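Structure, as structure tokens:
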Amino acid sequence: MTRLFERRLTPLDSPLAIFTTTTTAFLAAMLVTSFLFLSYGASPFQAYFALFHEPFATLRGFGYALVRASPLALIALGTIVSWRSGFMYLGFEGSFVIGAAATGWLALLTAPGSRVGPLPFFLFLPLAISLAFAAAGIWAGLVGLVRARLGGNEVLISLMSNYVAIFILQYLVSGPMRAPGSLPETPLFPRATWLPFILHGTRAHAGILIAIIAAGLVWMLLQKMPLGYEMIVTGFNPFAARYAGIDVGRRLVLAAFFAGGLGGLAGMVEVLGAQHRLMDGISGGVGFVGIIVALLARLNPLAVIPTAFLYGGMSVGADAMQRRASIPSSITFILESLAVLFVLAFDALRYYKVNLSVLWRRSPPPVAEQVSK
């Protein structure tokens with residue numbers, strides 16, 4: 001019996017197949033979102049032109065897209081490390097905040113007039129990277145330790161840890177690290193601690209270079225190193241990994257540490273590259289958006305940078321769309337959400353093929369009619 005959906009003998013895992021299904025899913029999301037544009041009396045072509053022209057066709061918008069993409073890419077890389085290891089970590093908001101707080105403490109500690117005094121940038125940057133990665137990695141590693149030793153649910157624990165980290169940040173910017181004034185924020189960091197700008201006339205900073213290097217290192221870890229292989233095997237089947245002699249608990253803790261550390265680097269990039277001070281609400285939900293970027297990239301480290309750039313560009317273009325087409329920028333979030341849903345749904349085409357001939361093929365006559373003839 002021929003069915004509408006037939007399972008393929010082998011799934012389509014080629015880069016072309018993955019690119020085709022992802023692109024088709026994104027175009028389908030754009031088509032559905034076009035009906036929302038029509039409800040506002042706006043042309044979908046005009047709206048999409050405004051959405052994509054600002055970040056991808058102007059130098060200023062291109063720079064802002066790179067600024068938005070840097071922390072998203074780092075959090076997406078942390079998601080890939082943890083999820084492919086079987087550790088469903090959702091505490092990147094907390095890791096982001098802890099990394100940003102550690103970086104802010106170091107920047108103020110090395111400010112002119114402080115006890116330590118200014119440091120050369122070639123010494124300050126490695127120290128800031130190490131401190132942010134270690135602080136956020138330990139923060140997330142505690143969740144991994146609870147999962148490995150006590151069997152706790154890492155999803156719930158990591159979600160609750162986000163609020164603890166946010167409360168810690170609120171205490172710091174409202175108390176010991178607060179600048180004179182009414183706003184809960186720290187003083188402006190010394191200019192010598194800022195990440196250098198890489199495109200003249202834009203706000204694009206070296207954070208995107210850190211994200212690109214991190215993407216290469218994560219790819220090497222998962223594809224070329226024995227430790228990465230053991231982490232992936234642990235994620236696929238922890239029982240088989242344990243039978244093969246792999247310390248599953250230790251690999252989970254390491255996955256949590258690496259994931260949290262990458263989230264901490266996102267916080268460091270944000271405070272040193274964009275904000276230049278620590279303030280309440282600095283994360284702005286970027287920890288959850290980074291997870292969406294990882295899903296759109298199909299948990300592939302090499303696809304994270306272009307996906308994060310596309311996602312960051314759309315967030316920049318949303319403001320331009322609101323100005324030019326009088327369409328609420330919140331529609332962009334609907335488009336992004338639909339893109340994720342369609343990507344997950346269209347992924348089934350890699351495992352099933354659609355037999356359209358079933359729709360117009362004439363059904364065979366009933367058995368009783370055949371016997372009578």
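The values are calculated or read from the model by the stated rules, or taken from the named source; none is laboratory data. What you are looking at is a predicted structure, and each value in this text was computed from that prediction instead of being measured. Ideal geometry is used to build each Cβ from the backbone, glycine not excepted, and the neighbour counts take in all protein chains shown. These area figures cover heavy atoms from the full protein model, side chains too; ligands, DNA and RNA do not enter into them. Shrake-Rupley method; radii C 1.70, N 1.55, O 1.52, S 1.80 Å.
Among the numbered conditions (1) more than 14 Å from the chain's Cα centre (by Cα); (2) open to solvent by 50 Å² or more (accessible area, probe 1.4 Å); (3) within 30 Å of Phe342 (Cβ to Cβ), the only one that Met231 does not meet is (2). Does segment 298-308 include one or more residues that are under 23 Å from Asn162 (Cα atoms) and either open to solvent by 50 Å² or more (accessible area, probe 1.4 Å) or in contact (Cβ under 8 Å) with a residue 60 or more places away in the chain (or both)? Scanning segment 298-308 turns up at least one residue that is under 23 Å from Asn162 (Cα atoms) and either open to solvent by 50 Å² or more (accessible area, probe 1.4 Å) or in contact (Cβ under 8 Å) with a residue 60 or more places away in the chain (or both).
Among the residues of segment 80-92, those identified as open to solvent by less than 20 Å² (accessible area, probe 1.4 Å) and in a helix (DSSP H, G or I) are Ile80, Val81, Ser82, Phe92.
When each of Leu12, Leu16 is tested for being surrounded by fewer than 22 Cβ atoms within 10 Å (Cβ to Cβ), among the aliphatic types (A, V, I, L, M), not in a helix (DSSP H, G or I) and not assigned by TED's automatic domain parsing to the domain that holds Leu272, the lone residue that passes is Leu12.
Looking at segment 142-157, can you tell me whether even one residue there is surrounded by fewer than 18 Cβ atoms within 10 Å (Cβ to Cβ), under 21 Å from Trp194 (Cα atoms) and over 20 Å from the mean Cα position of the chain (by Cα)? No - not one qualifying residue is present in segment 142-157.
Among the residues of segment 94-117, write down those that are under 18 Å from Ala259 (Cβ atoms), in contact with a Phe, Trp or Tyr (Cβ under 7 Å, 6 or more places away or on another chain) and open to solvent by less than 10 Å² (accessible area, probe 1.4 Å). Once the filter is applied, which keeps residues that are under 18 Å from Ala259 (Cβ atoms), in contact with a Phe, Trp or Tyr (Cβ under 7 Å, 6 or more places away or on another chain) and open to solvent by less than 10 Å² (accessible area, probe 1.4 Å), segment 94-117 yields Gly94, Ser95. Against the criterion of being surrounded by 22 or more Cβ atoms within 10 Å (Cβ to Cβ), modelled with pLDDT of 85 or more and within 24 Å of Phe37 (Cβ to Cβ), Gly290 does not qualify. Of the residues making up segment 49-79, those that are open to solvent by 30 Å² or more (accessible area, probe 1.4 Å) and assigned to a helix (DSSP H, G or I) are Phe49, Phe52, His53, Phe56, Ala57, Leu59, Arg60, Phe62, Tyr64, Arg68.
All conditions in (1) modelled with pLDDT of 85 or more; (2) of a type outside the set (Asp, Glu); (3) surrounded by 17 or more Cβ atoms within 10 Å (Cβ to Cβ) hold for Ala339, with the sole exception of (1). Would you check if Gly137 is at pLDDT 95 or above, open to solvent by less than 80 Å² (accessible area, probe 1.4 Å) and under 23 Å from Thr79 (Cβ atoms)? Yes, satisfied.
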